[in-house]
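The values are calculated or read from the model by the stated rules, or taken from the named source; none is laboratory data. Keep in mind that this is a model prediction, so the values were computed, not measured. Glycine gets a Cβ as well: all are built from the backbone with ideal geometry, and neighbour counts include every protein chain shown. For accessibility, only protein heavy atoms count, side chains too; no ligands or nucleic acids. Shrake-Rupley method; radii C 1.70, N 1.55, O 1.52, S 1.80 Å.
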Amino acid sequence: MTPTRRSLLLIGLLAMSAALVAWDRLRAPTVTVANAVVRKPASTAASTQKSIDEPSLSTPRERSDYLAKGRDAFPSLLPPAPAARSGAPVAVEAPRPTAPPLPFTVIGKKLERDAWEVYLARGDQTYIATHGADIAGEYRVSAIEPTQITLIYLPLNEKQTLQTGASLHD
């Protein structure tokens, strides 16, 4: 389809849709008028009976009326606090602090004179871990085995292990 033919087709569709809109607006709207309904005022006996059965808006109901039916008229959106449910305050124990995940990456290891050296990286820093050495002021090397190193997180005295890879002697 050539561009001029496509343009002519689009202009034709546009003109046809404009004509349909104009034709729809020119049609006479169909309006129907409903007759008003006249209601008679309620008899005084019926209104007296209604006031006895249902209290008016000016007289509030007692809370016990709502609770007697088994539900509250204005329920809370939030559940009551735990202390309110049980009647006694509940002591919430704070979680015990734990050591953060080990921030080190093993970049190598070496066995020299029957003692392991593990080379650890933390960002741009490189550390040589030997048995009993302090690393970054936060960790102490507790044990070095052919496949893992055990570090103690000094602020909490908590042991953590880091895999160093398979041993060449396996």
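For this structure, a couple of remarks:
- Shape analysis of region 99-148 places it in the prolate category; the axes a ≥ b ≥ c from the Cα gyration tensor give an a/c of at least 1.5, with a/b above b/c.
- Potential extension, Arg113-Arg25 segment - 0.36 nm per residue separation minus Cα distance: 21.7 nm
- Two-site FRET efficiency, Asn35 against Glu62, from Cβ-Cβ distance with R₀ of 35 Å, rounded to 0.05: 0.15
- Using the Cβ-Cβ distance between Gln125 and Ala91 with R0 set to 35 Å, the FRET efficiency from 1/(1 + (r/R0)^6) comes to roughly 0.25.
- Solvent-accessible area of Val92 with every protein chain in place, 1.4 Å probe, in Å² to the nearest 10: 130
- Cα centroid separation, region 7-22 to region 116-170 (Å): 79
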